[in-house]
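Structure first, then comments.
The values are calculated or read from the model by the stated rules, or taken from the named source; none is laboratory data. Please read all numbers here as calculations on a predicted model, not as lab measurements. Cβ coordinates were reconstructed from backbone atoms using ideal geometry, including for glycine residues, and neighbour counts include every protein chain displayed.
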Amino acid sequence: MSDKIYITVTGTQHYLGNDFLKKDVKLRLIKEPDNAHDREAIRVEMEGLGKIGYVANSTFTVLGECFSAGRLYDRIGSRAVARVKHVLPKGVICAVRQKDLLWQPPQSREENDEVSF
């Protein structure tokens with residue numbers, strides 16, 4: 001099991017597209033608690049460009065086993081950083097920076113040396 005948390009960036013077509021996004025580009029994730037459409041909205045920005053999309057929060061837009069904005073929301077502070085891993089036609093897959101996570105997923109039994117009963 002990977003300890004990385006991946007997200008899908010969606011909605012880029014409503015802003016600047018995603019042709020400029022390449023592997024390892026750094027993106028800022030910023031919570032929008034006052035968003036009228038989604039209380040768990042997380043805006044995605046790129047330095048020098050501003051808003052480029054949002055962290056996907058729908059079963060129709062979250063790709064693969066990525067975290068939705070709702071699953072990620074309580075695991076980060078008001079801001080976090082993610083790096084682009086894959087640019088796909090239906091979204092951009094990014095890894096959230098580990099040091100920005102407030103909560104780490106538990107290790108699987110195979111990875112854990114001690115098992116308590």
### Summary
Subset of segment 38-89, residues in contact with a helix residue (DSSP H, G or I) (Cβ under 6 Å, 6 or more places away or on another chain) and closer than 17 Å to Phe20 by Cβ, comes to Ile52, Gly53
### Query
If we scan segment 58-76, do we find a residue that is part of a strand (DSSP E or B) and basic (Lys, Arg)?
no
### Query
Looking at segment 57-65, is at least one residue of a type in the set (Val, Ile, Thr) and without any contact (Cβ under 8 Å) to a residue 40 or more places away in the chain?
yes
### Query
Residues of segment 1-43 being in a strand (DSSP E or B), touching a residue at least 24 places away in the same chain (Cβ under 8 Å) and among the basic types (Lys, Arg), which ones?
Lys26, Arg28, Lys31
### Summary
Matching residues in segment 30-61 (closer than 10 Å to Tyr73 by Cβ and surrounded by 19 or more Cβ atoms within 10 Å (Cβ to Cβ)) number 5
### Query
What are the residues in segment 7-29 that are at pLDDT below 95 and surrounded by fewer than 12 Cβ atoms within 10 Å (Cβ to Cβ), if any?
Gln13, His14, Gly17, Asp19
